[in-house]
1. Take the Cβ-Cβ distance between B:Q107 and B:K265 as r, set R0 to 51 Å, and report the resulting FRET efficiency rounded to the nearest 0.05.
2. Counting Lys and Arg as +1 and Asp and Glu as -1, each charge on the Cβ, what is the dipole of the protein assembly as shown about the Cα centre in debye, to the nearest 20?
3. List the lysines whose alpha-carbon lies under 18 Å from that of B:K234, not counting same-chain residues fewer than 8 positions away?
4. From other protein chains only, count the Cβ atoms within 10 Å of every residue's Cβ in B:319-332, then give the mean.
5. Which of rounded, prolate or oblate describes the protein assembly as shown when judged by the alpha-carbon gyration tensor and an a/c cut-off of 1.5?
6. Modelled label-to-label distance, B:E218 and B:Q601, 7 Å Cα→beta-carbon offset: nm?
7. If R0 is 45 Å, what FRET efficiency do you get for B:Q123 and B:E451 from their C-beta distance, rounded to 0.05?
8. Under a Cβ-only charge scheme (Lys and Arg +1, Asp and Glu -1), can you give me the dipole magnitude of chain B about the Cα centre, in debye to the nearest 20?
Amino acid sequence: MQAPISFTVSGQQLWLSPMKAIFWESRRFLIVSDLHFGKTGHFRKSGIAVPQHVYRNDLQRLFSLVQYFQPSGIIIVGDFFHSAANREADLFAKWRNDHSGIGIRLVKGNHDILPIEWYRENNIDLHDGILRDGPFCFTHEWTPDLSQANEQYIFSGHIHPGVRISGQGRQSLRLPCFYFDQNHAILPAFGDFTGLAIIEPSPEARVFVLAEQQIISLQ
Amino acid sequence: MKLQQTIGYNVIRQWLTEKGFSPFPFQEETWEAIHSRQSGLVNAPTGYGKTFSVFLGALIRFINENPKDYQRLSKNKLQLLWVTPLRALAKDIGRAMEEVISELGMQWKVGIRNGDTSTAERQKQKAHMPEILIITPESLHLLLAQKGYPEIFQSLQVIAVDEWHELLGSKRGVQVELALSRIISLQQSQSQTTNRERQTISVFAISATIGNLEQAREVLLSPLNKMGRTITAKLPKTTEVYSILPDEIEKYPWAGHLGIRLVDKIVPIIRKSTTTLLFINTRGMSERWYQELLHAAPDLAGAIALHHGSIEQELRIWVEEALHTARLKCVVCTASLDLGVDFRPVETVIQVGSPKGVARFLQRAGRSGHQPGAPSRIYFLPTHSLELVEASALKEAIRQNIIESREPMILCFDVLLQYLCTLAISEGFDPEQIFREVKSTFCFREMTTEEWEQVLQFLTTGGKALQQYDDYHKVEIINNLYRITNRRIAMRHRMHIGTIVSDAMLKVKFISGGYVGVIEEWFISRLEPGESFTLAGRNLELVMIKDMTVLVRKSTAKKSIVPSWQGGRMPLSANLGKLLREQFNAAGSGRTGIPELDVLQPLFELQSELSKVPRADELLIEQIETKDGFHLFVFPFEGRLVHEAMAAILSSRISRRQPITFSFAMNDYGFELLSDQPIPVDDSNVYELFSPENLFADIQRSVNSTEMAKRKFRDIAVIGGLIFQGYPGEHKKARHLQSSASLIFKVFQEYDPDNLLMRQAYREVFDQQMEETRLREMLHRIRQSRIILEFPERLTPFCFPIKVDSMRENLTSEKLEDRIKKMQSQLLK
């Protein structure tokens, strides 16, 4: 696995990890998006036999990130849990218990439909709509209007961004990416059992592609 | 007792005589076989009373068993199960049967069971099964999903599987095999207890001629463990083939262009015959042809109709009715009218573009001239000039009577998983019992106990899981019976029974109300509101997409986009490929006396001037440099699937010698490798690059097998129950269960690559997508051939269509047309 790479936004030092997370150095926050935990469980409960080990791996990746960066907290910009509660939520709860020192702040996404009590029991701070912290603000789905109304730089998720890279001779690859535009960023989906939406990067944007545990700066 | 002495026989004979008919020998032979409780296969062309062979046989059997009161007996429970692949066939066959029954004064009822059957009708059937049930393979499985299904089949005497050649070689055929294994086993266990001779069931396939008729019979009868007999109608059927020759030969041919220009040539043909069927290979082109025909012959408006799979069903039924009554001069159709029903008024058939195989061409030709003895007349209209060579090859194939085989499918675990869930919903299944039955089918006779265990495990535990944190829930074991008890899962399963997987389709409706048809989601998602497209022969303007429905209004726009549906691009068959090479062989040496080839001489001359026309024992390779990069064109004439595989293997072999990347393009005649650097293929290495050695390893190494498996996996995942396509009309509720096949594939590839369904995807790639056997044979053939390397200074007539096809993907049709015209004019300078 490649080491995280350095990137600066609004004068803040960020580290982009190929494990699909951003580490915000000065606040010691880990920023992730679209974990879709419990998605395999949700499918399996309905008789659709996707391998559950996808979820175990996602959890392990989050664990490794916490080990590596030793963050004071985690900011999740939405779609933390995929659907209604299931036993995979229990597995997360067990993990959460072992890491009770870390604050988790969740900006609710369209998938986050668990009962309020569940978040409370697991010591997760809920935020509807927008979470502000210093020069940054966090929301699930970025819209141009939001940037109009906001001075702060916005971190978002929701769309599971990816880019298509075309080589000569009409070859192409689809890869997940971090997307940093002038006034907002879109994070790749953290969960492995998630799809991709191909975006058209604006010319000013910086794009970092994730390819086989590597981060490559595209533009 | 001999058949001829039986009452049943004489009743039927007399009825026929009264109508002025006498039975064909093959019909009597079938009656005889059913009379003596045998099974087998009836091979007869359409229009020769193949329906009457098995159907009347079943009647004779019943009359003989009830000689005194056969006319009086009603509610006799199910006697004859008639499996047919097409819904459209059911009604006509049913009608013909009812006519006979009423003329004989019998009380039998005919029921139809398919996706169109109403719930009320189903309930009625449940209370009183009709004596004859005409059913699709999917509905047959739905019947097996009903509680108490064994009861239905207790009285069954005869099973007929119509158009078996169409089902064989598809997963629908596997569905039939599995259902038969269940029904036959039910009957056998029953006859053990009652021990009555009348319980011996007769199973008959009805099939058009294919290359492997004996095997076709073996596959169907496999669960019976009987050889059975093949009954062939020895009827002389002549097929007349005429090619429509363009006045001017395009030296740079490209698919789709020429055809439309020949529209004026077919108008007189249409006028001349009572009714003409115009077969077009794709739905998209059929829409265009319909428009062009109306243009060319405005007076025929109202007498021309369009018929394809995306058109609203009512309209299709109307077209079929109008065909029967000769109210239409011409129907523009796709494979949707390939099968079955006899439209007697059809006098002429026109095939536009390559039919890709001899069998399909003959089948389409057979749609005309239905009266016994009348010749089938078919016109071949090329969509690009090189296709004329195919016309010549087809004529030769008919002369030599070379017809393709349909390879039965093997070890389709996706269908098996679906079938087992079906049984788990209704009565539950005993694994030992069902294992024996499944093993008795042709499809699964090679299945190992390990594989069976994996299938059961997949159903009950859902593969790899984190034991205590898992909620997997599907099949439970209750008193040694495997059952699905969850009603939601059962309901979802019922809705998903079937093996035909289509792209996500959206309904198209007028904003003012009224249903137009269906359209692929990917096509409509590329349109902006306000843009126009053509469907069902109408120009429509997109208003908006709402809740899986495309809302449209009538468009007045002159230009509209014709959707190109992606389904059903058939590859050229091996037989036709071989004949094609022979035709080129003949054409390469000058005048042949064959009109199709002679008219192409200017094209062949240009080809020889720039490069070469390959002989049958030669493989032509052209290397050309253009501003797009370095092209390598290879012409094996083996069909696009084999070409796709070969392109992958060749590129992998080349790139192992030196780092180089390629993109591919292919058509039925050859394939192209394109790179941004010179491609190192020359006479020092070319035989090695085309060697059959290490083929297997190279296939596995070539990246494409993963890509291909991903595509195959889509169908497998849907059939095997891994993809939930949503409830009709209420997709929103199930949003959290939605996923794409490529996502599921990715996850399995990484976390459970040995999964049964993944292995099946790769096997399907080998067997069908790559046609591995054919690929191997091709390489052995090439080893015996001379490889000709040419370095033309510009694109040749042979490679031009491949180049055009590869451009097509990224461009809209109009832009494409402009660009091609420009290219043509540049090349001809």
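Nothing in this text is a laboratory measurement; each read-out follows from the coordinates by a stated rule. Treat the numbers as computed from the prediction; the structure is a model and nothing was measured. For neighbour counting, all protein chains shown are included, and Cβ atoms are generated from backbone atoms with ideal geometry for every residue, glycine included.
1. On the way: r = 54 Å, r/R0 = 1.06.
The pair B:Q107/B:K265 has a calculated efficiency of 0.40.
2. Values: 121 positive and 120 negative charges, 443 e Å.
Computed about the Cα centre, the dipole is about 2120 debye.
3. B:K50
4. Working: counts 0, 0, 0, 0, 0, 0, 0, 0, 0, 0, 0, 0, 0, 0.
Neighbouring Cβ atoms belonging to other protein chains average 0 per residue here.
5. Working: a/c = 1.88, a/b = 1.27, b/c = 1.48.
Cα axes put the protein assembly as shown in the oblate bin.
6. Here the answer is 4.9 nm between the modelled labels.
7. Numbers: r = 39 Å, r/R0 = 0.87.
With a Förster radius of 45 Å, E is 0.70.
8. Values: 102 positive and 99 negative charges, 426 e Å.
Dipole of chain B, to the nearest 20 debye: 2040 debye.
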